[in-house]
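Structure record follows, encoded as structure tokens.
The values are calculated or read from the model by the stated rules, or taken from the named source; none is laboratory data. All of these numbers come straight from a predicted model, not from anything done at the bench. Cβ placement follows ideal geometry from the backbone for every residue including glycine, while neighbour counts extend to all protein chains displayed.
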DNA sequence: CGACAAGCCTGGTAGC
DNA sequence: TGCTACCAGGCTTGTC
């Protein structure tokens, strides 16, 4: 379930392990993850180049190759990165879908168990973001409360699905949206048009704080504050605040977990 | 065996 | 009437 904090973790991982190494060859184990690019083109563009720096926007990770192109990684629900060295580094990895083999015998492995992730190339990150209709990154400094209010203005759907809409704000998924609603004490069925300006301002501040905290830990659930609901988000879970059993319901086809006592319907 | 989880795209439709 | 926003369904596969 890679959302913004998890992708931020992949970014740090790639930065620490896979930059400035010359790429000898690229292999694609399953072409279904490729978007508007062929395996042959990907290999051609990356051969003899090295990854020099990375950028993240929402749930997308971009890695600049020295050849001038950007490798675009989206992780779907089950994607992740891993680096290996030596023979057999990916032999034990059934879900290695894309592998960059470096000259120094290291490799960057993009894993994707359910093949819902996407790999692409772009020459212009800004244009890619615009073409995919992505809204501002949820941690963008320019995304202040009044800007969020403007983005939500005129919307009438459920707040939860609206926050998960990547064309409005990029980065939040099902899991962190539940946590955000929990921290704001908003019932998951709350609709956007029920919020006043003050509530949107609070929502914005809590969203930033939550995502910054989670991103610092690379989305590692074990390191999140004890006051958070997220690690308990299942039918065994109880509310870290009041101890009530957590409940779930479906909002736009997605499971929403919440505390029935702390998150009252308005 | 069928249900379910997740992100996101598609297509039908509800609502202004 | 016409457009947009909304939402259910499908993709995918491992797990229960």
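Descriptive notes on the structure:
- Residue within region A:132-151 that is in a helix (DSSP H, G or I), crowded, with 19+ Cβ neighbours inside 10 Å, in contact with a helix residue (DSSP H, G or I) (Cβ under 6 Å, 6 or more places away or on another chain) and touching a residue at least 24 places away in the same chain (Cβ under 8 Å) present: yes
- Given (1) buried (at least 19 other Cβ atoms within 10 Å of the Cβ); (2) at pLDDT below 95; (3) away from DNA strand B (no atom under 16 Å from the Cβ), number of the condition residue A:46 does not satisfy: (2)
- Selection of region A:227-250 for residues being within 16 Å of DNA strand C (Cβ to nearest atom) and surrounded by 14 or more Cβ atoms within 10 Å (Cβ to Cβ) yields A:233, A:237, A:248.
- Every pair of residues 6+ apart whose Cβ atoms lie under 9 Å, when the first sits in region A:104-124 and is over 15 Å from residue A:7 (Cα atoms) and free of Cβ contacts under 8 Å to residues at least 24 places away in the same chain while the second is in a loop (DSSP other than H, G, I, E, B) and more than 15 Å from DNA strand B (Cβ to nearest atom): A:105/A:86; A:105/A:87; A:105/A:89
- Checking the stated criteria, residue A:52 turns out to be within 24 Å of the chain's Cα centre (by Cα), without any contact (Cβ under 8 Å) to a residue 60 or more places away in the chain and surrounded by fewer than 18 Cβ atoms within 10 Å (Cβ to Cβ).
- Note on region A:170-192: among residues that are within 15 Å of DNA strand B (Cβ to nearest atom), in contact (Cβ under 8 Å) with a residue 60 or more places away in the chain and not in a helix (DSSP H, G or I), the one that is surrounded by the fewest Cβ atoms within 10 Å (Cβ to Cβ) is A:189.
- Some residue of region A:232-248 being in contact (Cβ under 8 Å) with a residue 24 or more places away in the chain, farther than 24 Å from residue A:5 by Cα, within 10 Å of DNA strand B (Cβ to nearest atom) and touching a strand residue (DSSP E or B) at 6+ places or on another chain (Cβ under 9 Å): no
- Any hit, region A:154-168, residues being surrounded by 19 or more Cβ atoms within 10 Å (Cβ to Cβ), in a helix (DSSP H, G or I) and away from DNA strand C (no atom under 14 Å from the Cβ): no
- Condition check for residue A:218: in contact (Cβ under 8 Å) with a residue 40 or more places away in the chain, within 16 Å of DNA strand B (Cβ to nearest atom) and under 19 Å from residue A:174 (Cβ atoms): yes
- Verdict on residue A:175 being on the phi < 0 side of the Ramachandran plot and under 22 Å from the mean Cα position of the chain (by Cα): yes
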